[in-house]
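The values are calculated or read from the model by the stated rules, or taken from the named source; none is laboratory data. What you are looking at is a predicted structure, and each value in this text was computed from that prediction instead of being measured. Here Cβ is always computed from backbone atoms with ideal geometry, including for glycine, and neighbour counts include all displayed protein chains. Side chains are part of the model used for accessible areas, which takes the heavy atoms of the whole protein and leaves out ligands, DNA and RNA. Shrake-Rupley method; radii C 1.70, N 1.55, O 1.52, S 1.80 Å.
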Amino acid sequence: MGSGAREARIVRLREDAEFVETMAREVAAGLETSPRTIPSKYFYDAHGSVLFDQITELPEYYLARAETAILEQVAPVLVAEIDPAEIVELGAGFSRKTRLLLDTLEARGGPRRFVPLDVSREALEAAGDALAADYPWLSFEGFIGDFERDLARLPRHGRRLVLFLGSTIGNLHPDDRIGFCRAIRASMAPDDALLVGMDLVKDPRRLEAAYDDAAGVTAAFNLNVLRVLNRALDGDNDLEAFDHVARWDPQREWMEMNLRVNRPTRLAFRRIHVDVELAAGEEIRTELSCKFTRASAERALTGGGFRIARWDTDPAGDFVLVLARPA
Ligand code: SAH
Ligand code: AVI
C-alpha cells in the first residue's frame, strides 16, 4: 500500500468540439424521428449528475438501495472469485457503490487500477477526488467518453472486472442491447468478468412512482436536458412549456420518460438550425429504462457472447446483479 492520496488522473477521449458535434448530429436527427427523441446521455451535466444522485436517495427509487444491498452481500465473493487487477466502470457517475468492491479489494492488497468511463467530466472529477482521498493505494484513471463508442480506447493493464451498474443497460434501446454486449465482450479477455445491474419487471405502480417521485426530483432531472441543450446548441427554449411524463409500456417492458408540451411551442436550437413547431400534448422521448426478466437478461448476455456465472437478487426480488463471463 502507498501512503498519501494520489492525484486522480482524468483523460479526455474526445475533444469538447467533437462531443458537441456529436450532440448536434444526434439531437438534430432525434428531433426528426417519430416519436421525437433526445438521447438520455445528455441529462448528465454537473447539475444533472447531482440530480441523479438525489434520485438515488428518494423513497420511491428502490433501484440504488436494492443494488447496494446485493453488493454488500456478494462483493467479497466476487472479488475473491475474479481477483481483478483493474476495475473498469461504464457510466460510473460518482462511483458510490463501487466503494463496496474497493473495500474488499483493499483487504487483499496489491496494486489495483480503477478506470471509470463517463460522459460527465464533473462526476468523474468528484469521484476522483473522493476516491483518491479514501483509497490512496488505488490508481485512478478516469476517462471522459461515450461507452457506446469508446470501449476499445481504454488501455488494458491485466485481468479486468467490467462494471455496468445502476441498470444503465436499461437505458439502451432493446435493438441496441445485444450489439452493445458484443462490444463489451470484444473489449475483454477470456478470464475477465462483467458485472451488470438490471432492474427487474415488477408492479407498474412501483415503477411509475420510481420515475415520477412526489418531490419532483425526477421531473427536474428530465427537464434539465433542455437546459443542457439550450446551453450547448444555442437555444432559449422555455422549460415551463414542458411537463415531465413517466409511463410504463407493458408490451416492451420499459419505463419511458417524455417531455410533454403543455401549450403550442416552438423548439429551436440556432446552432443546429432546428426550429420545430410542437402542438400542445406532443411528446419528446428523453429516456427508456428497460426492465428485465431472467429470459430477457439471458438473451442479451448470451447473444453478446457471455454466459451467466452468477445471478444475485435482493431479498424482495426487485433487482439483479449478474456476473457474466465470456462464453
Ligand atoms: N453507475 C452509477 C451512475 C448511473 S447514472 C450508479 O449506478 O449510480 C448513469 C451514468 O452513466 C451517468 O453518470 C452518466 O453520465 C453516464 N452515461 C450515460 N450515458 C453514457 C454514455 N453513452 N457513455 C458514458 N457515460 C454515460
Ligand atoms: C441511470 N439510469 C439507469 C436511471 C434509470 O433508472 O433509468 C436514470 C433515471 N431516470 C429517471 N430516474 C433515474
Residue count, region 53-100, condition under 17 Å from residue 118 (Cβ atoms) and not aromatic (Phe, Trp, Tyr), comes to 17
Hits in region 200-230 (condition: within 16 Å of ligand 1 (Cβ to nearest atom) and in a helix (DSSP H, G or I))
210, 217, 218, 220, 221, 222, 224, 225, 227, 228, 229
Tell me yes or no: at least one residue of region 177-186 is more than 19 Å from the chain's Cα centre (by Cα) and either of a type outside the set (Gly, Ala, Ser) or more than 30 Å from residue 251 (Cβ to Cβ) (or both).
yes
List every residue pair whose Cβ atoms sit under 7 Å apart, with the two residues 6 or more apart in sequence or on different chains, where the first one lies in region 7-19 and is assigned to a loop (DSSP other than H, G, I, E, B) and the second, anywhere, is surrounded by fewer than 15 Cβ atoms within 10 Å (Cβ to Cβ) and not small (Gly, Ala, Ser).
8/129; 13/153
List every residue pair whose Cβ atoms lie under 6 Å apart, where the two residues are 6 or more positions apart in sequence or sit on different chains, the first residue falls within region 144-165 and is outside any loop (DSSP other than H, G, I, E, B), and the second residue, located anywhere, is within 16 Å of ligand 2 (Cβ to nearest atom) and open to solvent by less than 20 Å² (accessible area, probe 1.4 Å).
163/89; 163/195; 164/90; 164/196
Residue in region 125-140 that is open to solvent by 20 Å² or more (accessible area, probe 1.4 Å), more than 26 Å from residue 55 (Cβ to Cβ) and away from ligand 2 (no atom under 16 Å from the Cβ) present:
yes
Being open to solvent by 10 Å² or more (accessible area, probe 1.4 Å) and farther than 22 Å from residue 7 by Cβ narrows 71, 90, 78, 151 down to just 151
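Assess whether residue 79 counts as being part of a strand (DSSP E or B) and either within 16 Å of ligand 2 (Cβ to nearest atom) or at negative phi (or both).
Here the answer is no, as residue 79 does not meet what is asked.
Of the residues 179, 170, 197, which is open to solvent by less than 10 Å² (accessible area, probe 1.4 Å) and assigned to a helix (DSSP H, G or I)?
Only one candidate qualifies: 170.
Filter region 154-164 down to the residues that are open to solvent by 10 Å² or more (accessible area, probe 1.4 Å) and either more than 17 Å from residue 143 (Cα to Cα) or within 16 Å of ligand 2 (Cβ to nearest atom) (or both) and list them by number.
If we filter region 154-164 for residues that are open to solvent by 10 Å² or more (accessible area, probe 1.4 Å), which is where we start, we get 154-159.
The answer is 158, 159.
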May I ask you to list the residues in region 82-104 that are in contact (Cβ under 8 Å) with a residue 40 or more places away in the chain, within 16 Å of ligand 1 (Cβ to nearest atom) and not in a loop (DSSP other than H, G, I, E, B)?
87, 88, 89, 90, 98, 101
Residue 46 passes all but one of the listed conditions (1) within 13 Å of ligand 2 (Cβ to nearest atom); (2) within 17 Å of residue 227 (Cα to Cα); the exception is number (1)
Can you tell me which residue is nearest to residue 71 (Cα to Cα) among those in region 93-118 that are under 13 Å from the mean Cα position of the chain (by Cα) and not charged (D, E, K, R)?
95
Looking at region 13-47, which of its residues are under 18 Å from the mean Cα position of the chain (by Cα) and away from ligand 1 (no atom under 13 Å from the Cβ)?
37
Under 7 Å between Cβ atoms, at least 6 apart or on separate chains: pull out the pairs that start in region 46-63 with a residue that is in a loop (DSSP other than H, G, I, E, B) and end on any residue that is open to solvent by 20 Å² or more (accessible area, probe 1.4 Å).
58/215; 58/217; 60/209
